[in-house]
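In what follows, a single structure is set out as structure tokens and then discussed.
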Amino acid sequence: MEAEEVSRAEDGAEYPGSKNEGQPDVAQPDFPHGGQSPGPTALWEMLERKFLEYQKLAHGSSVEHQQSLLDLLPLFLKAWENSVGIICFPSLQRLAEDTSNQLAQEIQKALGGKPAEQAREAAGQLLRWKGDVHQDGYLLLKSVFVLTGTNSETLGRVAESGLPALLLQCLYLFFVFPLEKDELLESDVQVQRMFVQMLLNICCESQGLEKLLSGNELQSLVIATTCLREHSCCFWKEPTFCVLRAISKAQNLGIIQYLQAMDCIKLSLQNLSKLADSLPAPEVSEAVNLILGFVKDSYPVSSALFLEFENGEGYPLLLKVLLRYDGPTKSEVDPHLEELLDLVVWLTTCGRSELKVFDSVTYPQLEGFKFHHEASGVTVKNLQAFQVLQNVFHKASNPILCTKVLAAIRTMWAWNARNFFLLEWTLQPISQFVEIVPLKAAPVQKQFFQLLEALVFELHYVPHEILRKVQCLIKESPESPCSLVALQSVLKIVGRDLLFTDIFRDSGLLGLLLAQLRKRAKILRKSGNKESMLGVQDTERELTCVMLRTVLTLLRGSVRNAVVLKDHGMVPFIKIFLDDDWYRGASLSILEQLSVINAEEYMSIIVGALCSSTQGELQLKLDLLQSLLRILETPKGRAAFRVSSGFNGLLSLLSDLEGSLQEPPLQMWAMVSPSQTLDLVLHTLCALSAALYLDPVNGDFFKRNGLFEKLAEDLCLLGCFGAQEEEGAPLHSGADTKARPFADLLSVAFTSMSPFPPKIQSCLQILSFLDSMASGTLHLRRDLKESPRAGQDPVVNAQKEEAGRDAQGNFKQWPDLEERVDEGDAVIMHPGVLCIMVRLLPRLYHADHPQLSQEIQCSMASHIQSLVKSEKNRQVMCEAGMLRTLMASCRRALTTSSSPLHSGLIRIFEKLASQAIEPDVLRQFLGLGIPPPPSAATKILHSSCLHRGDPGGSGEDKGKNREG
């Protein structure tokens, strides 16, 4: 026997659930051998024998011939099911021809001469599975279903029977004439699925498609989907649309010609135009999508249906249907709406030729911008289709609908940047949208301005005309929420390139913002900086913040804009914003930008604000100090700081903290925590360190006016250091005192769970600040989270923290680590600060913690000794008068040999005196009656001789001393 293997539903579209699962079983054939079912091969052989017998009856009566075929079909289906869809039957085409002919005859008989509704009922009865009742129609339907899923030749035999047109006629009846509720056809889902899958299989072959076009069945079905939908059968709606979409996607020229000849598109558009206002929006859009699907699928083959759509008033219909969605917002987007918008977007690409526009680019433009005259991607050719989207945005208020339109426009830009220019220079959609966007919902406003930003950031284009309209929008309604969104967008755009600082100055936006800020500052001043009491909304406060930030961005890198702000007399009004936390950051940054043209004015404002701030305004003081640190990076800023009494202002800030760290603190500081006070001390010392760093004029000013001594006095008054008379406390022998390294003590002081008493912890933290200040690195620190000596060198820590910051608020001008070290030893940049530490040394003693106090004193003395190892450091310390400070502040420890500090201080004195010592200091030292070690005595006396010009010293030594 010749075997033919074919697979079911080969390469065809498949309707969901068209498999055999759950299908009713047809009558089973009787088998010999005790009823045991034979295997697949035996079944196919048995079928072949019976089929040969059936063919011999061809010349008999037609009734017998038909019945003989019906008797064969259960065996055919049984063999097919047992073979897992693989058919091994040589006479397959003949079987297909006879079976499809007989099914066609049965359908014709059921439909013939009956009114439509009766014909629909008869067709349903024919194809329905009836259980044990005679079911020829169902048997034929299932058999043809299997046969249409085999191969092209077999499918051709089915098509020749005329069955495709009859099935399409049945589908029309099923869809248009719903059955009564007591009918059961709808419950037989598998029958429906087999019926639809047969049609889908037929659509896969050109021969089958041709047979579908033999009558007016397809026209009737297409038009039915657009005119009788309120009466149609819901159960058959999805299958009908599925079949019609399969016919559409076939892209067959015959189908196009058929639809055109039968006026399907024209009639459908007319029907939908009449029903668009009465049916639910999803129903109408689904039908429109079907018709547009025929237009889209046929367009690559022929533009005939597209032209029919245009000539049939298709665009007004699209606008009408889309605006049907302009109602209350639903939680989920209708998929039919999304499909319809996609089809409208596709329509914009349909046209005979490229749109031609003149180059209307307004300059200046961003670097890298280039207008491409040649198309490099999909371009818009159909302005009528785009106008549908444009009109929808104009007329709709539904946020989902409006945002979908904006997303569609963004999609077109993504195809080809040239599309923006093609549309804007013809229809001006974005320019027009600016005028109506305040009327839209907040999500629409946000997405629109994101579209505007895309022009700058993605297309690298400056839309001058659009930006002017945005500026008018802000000017006309500065208090509106839309102005806030617009200004936020402008802020992003301004930060894109310095070119915008000129554009927005010349356009008047800078002046507009300054006028608005002047108005708001006056209101703030009248309210006493209590906007909340006036009922100022967060939106208004946020708008003011964005205005300040936009002005700030316009000032950055533009001296001309800074001059404009100053000429507008805005400095006093910007100062008003400093008192409000919401506005302070941007206001300070604006003043920092003004320091470029007048650093003295900036310093006067900041120092004045620091001195006039109240005790409770700690955050204001910290913010002012942080701003001050940024300006002290430059030589001009440091000079202006000195001229503007900045040193006295900062020291007065420390003076105001008197008693804030004592236990308990003074009443005025009861609500301020020690950590807050220390944070303020840190920032104040940071500013002093920055002002003195590598600035000899400031250093000389600070020293000449006795400000190191004043700084020491202010620190002593904080309340955490002991009183001067505590130096007279009993001094025990230091033989048993083994002090931890100074760096270790500082690290412990900065831990969150420090075991030290609060006053001692505060002392150690302040000493840490002074130690970093002496080495010139304190201004690189900004927090109290850890000691600058914890883990590694403070300069290395600071460099890591500051690496990569931008030009605002960083310290890029400070020298690198190599410039602050000398042969492995830290360089003392501010020797006067080390003298302050010596002054504080005796005040580290606390009677309630004598042992810990002595350990800290010894540790710090050892640390100071390590700092004066190098000759350069000894030289600068001698010039700073450290020997005199030792004699004045640590006299008792120097004279008491039993003091734990005695030996350490003697060694410090020895190292410094070996470098240089003044005669009166030497006389004071000798007058103490201290028997120094022989080596010390020799060095001190030798140094003394050098200072008196004793001829006992060699010329080389004299030169060396003078050089030091």
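Site pair S477 and S752 shows an inter-label distance of 4.9 nm when each label is modelled 7 Å from Cα along Cα→Cβ.
Counting heavy atoms of the protein chains alone, K469 has an accessible area of about 50 Å² for a 1.4 Å probe. Taking 0.36 nm per residue of separation and subtracting the Cα-Cα distance, full extension of the segment from S62 to L383 would add 109.2 nm. A 1.4 Å probe, protein heavy atoms only, puts the accessible area of E153 near 110 Å².
Each part reduced to its alpha carbon centroid, region 608-626 and region 216-283 end up 76 Å apart.
Can you tell me the FRET efficiency between D581 and H460 if r is taken as the Cβ-Cβ distance and R0 is 30 Å, rounded to the nearest 0.05?
0.20
Using a probe of 1.4 Å on the protein chains alone, the accessible area found for E310 is around 50 Å².
Across region 406-412, rounded Karplus estimates of 3J(HN,Hα) from the backbone phi angles (6.51 cos²θ - 1.76 cosθ + 1.60, θ = phi - 60°) give 5, 5, 5, 5, 4, 4, 5 Hz, Gly and Pro being marked x.
In this calculation the C-beta distance from S397 to L622 is compared with R0 = 45 Å, giving a FRET efficiency of 0.40. Given R0 = 35 Å, the distance between the Cβ atoms of Q667 and S331 translates into a calculated FRET efficiency of 0.05. Note that region 286-291 has calculated 3J(HN,Hα) couplings of 5, 5, 5, 4, 5, 5 Hz, one per residue in order, obtained from phi through the Karplus relation 6.51 cos²θ - 1.76 cosθ + 1.60 (θ = phi - 60°); glycine and proline are x. In a fully extended conformation the segment linking K636 and H568 would gain 22.1 nm over its present Cα-Cα distance, using 0.36 nm per residue. Which whole number in µm²/s is D for region 837-900 by Stokes-Einstein, with the Kirkwood Rh taken over Cα pairs at 4 °C and 1.567 mPa s? For the chosen part, D equals 103 µm²/s. Label separation (D263 vs E601): 8.0 nm, computed from points 7 Å beyond Cα along the C-beta direction. For the set H846, H460, the ranking by accessible area, highest first and with no ligand, DNA or RNA atoms included, is H460, H846 under a 1.4 Å probe. Placing pseudo-labels 7 Å out from each Cα toward the beta carbon at E713 and Q365 gives an inter-label distance of 6.9 nm. Semi-axes of the equivalent ellipsoid of region 563-664 are 25, 16, 10 Å, computed as sqrt(5λ) over the eigenvalues of the C-alpha gyration tensor in descending order.
The values are calculated or read from the model by the stated rules, or taken from the named source; none is laboratory data. Computed from a predicted model, the values in this text were never measured in an experiment. Positions of Cβ are generated from backbone atoms using ideal geometry, with glycine treated the same way; all protein chains shown enter the neighbour counts. Accessible surface is based on the protein model in full, side chains and every heavy atom, while ligands, DNA and RNA are left aside. Shrake-Rupley method; radii C 1.70, N 1.55, O 1.52, S 1.80 Å.
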